[in-house]
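Before any comments, here is the structure.
Just so it is clear, none of the values below were taken in a lab; they were calculated from the coordinates. These numbers were taken from a predicted model, which means no experiment stands behind them. Quick reminder, even Gly has a Cβ in these numbers, built from the backbone with ideal geometry, and neighbours come from all protein chains shown.
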Amino acid sequence: MGEILSVSNVNIAYDKNQVYKDLNLSIGSGKIVGLLGPNGSGKTTLIKMIAGLLKYKKGSIKVDGHEIGPESKALVAYLPDGSFLNEKLKVKSLIDIYSDFFKDFDKAKAVRIIGDLGIDLNSRFKALSKGNKEKVQLGLVMSRHAKIYLLDEPIGGVDPAARDYILSTIISNYDKDSTIIISTHLIQDIENVLDEVIFVKEGEILLQRNADDLRTERNQSIDDIFREEFRC
């Protein structure tokens, strides 16, 4: 598989506070990648730059060879950390909106995924629990045929019993030549699905490794390695 994401010498700052300085990163296609780091390390900033929602001062980000812009945005499916849908609409209406808005959206797939997650399509979004709202949003995002799926804390708002089901939904409903980037602090819950891990600390890439190789080399779980690297 070839390179799907290239980040070259990217700089971004908030109110003169440098978040990333000369950031370089390359991710191949066909992988599930964990973007791991404590709060404030820059995970969401990186995801939003890839999604085309934040402008960086310097450098280059390319998705499947396309600089960030309309062409790259069409290849990226983004799940933010928080609700982003019209609360007043029914779930089936939200599916219709996604179908109209995204050319790569599979409506039948969305109906199946959201139904399998136990959600009534006639329910109004505002009437759903926080966990079920996140399930609907995940179902919509995973029903696109994207090159990159950016999932920011996709299991953060659901109860532990539902996390395995959510992860199963993610890994069974993406194109196998695409790449999923999952940002999370719940490493123990997701590490078994990860092909690659990226540790982010204070705006720097601390390490980027194949998950199995790293576990073998250190004789530790990814969660234990993370705790060791980010020990206060």
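Summary of computed values
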| read-out | value |
| --- | --- |
| For the range 66-163, diffusion coefficient by Stokes-Einstein and Kirkwood Rh (Cα), 4 °C, 1.567 mPa s, µm²/s | 94 |
| Relative contact order [Cα under 8 Å, 6+ residues apart], the chain, whole percent | 26 |
| Beta bridges per DSSP with both ends in the chain, % antiparallel, nearest 5 | 55 |
| Spread of Cα-to-Cα distances over 10 Å intervals beginning at zero, given as percent, for the range 103-222 | 12, 40, 32, 13, 3, 0 |
| Helical contribution to [θ] at 222 nm, DSSP H n ≥ 4, -39,500 (n - 2.57), averaged over the chain, rounded to 500 | -9500 deg cm²/dmol |
| Rounded to 10°, Cα long-axis angle of helix 91-101 versus longest principal axis of the chain | 60 |
| Kirkwood Rh in Å, taken over all unlike Cα pairs in the range 149-194 | 11.0 |
| FRET efficiency, Asn39 to Lys103 (Cβ-Cβ, R0 25 Å, nearest 0.05) | 0.10 |
| Violating pairs (Cα-Cα greater than 18 angstrom) within the set Lys48/Lys103; Lys62/Lys176; Lys58/Lys147; Lys62/Lys103; Lys16/Lys58 | Lys48/Lys103; Lys62/Lys176; Lys58/Lys147; Lys62/Lys103 |
| The range 6-143, Cα convex hull volume normalised per residue, Å³ | 135 |
| Peptide ranges 90-97, 102-109, 162-169, 142-149 listed from the most packed, as the mean C-beta count within 10 angstrom indicates | 142-149, 90-97, 162-169, 102-109 |
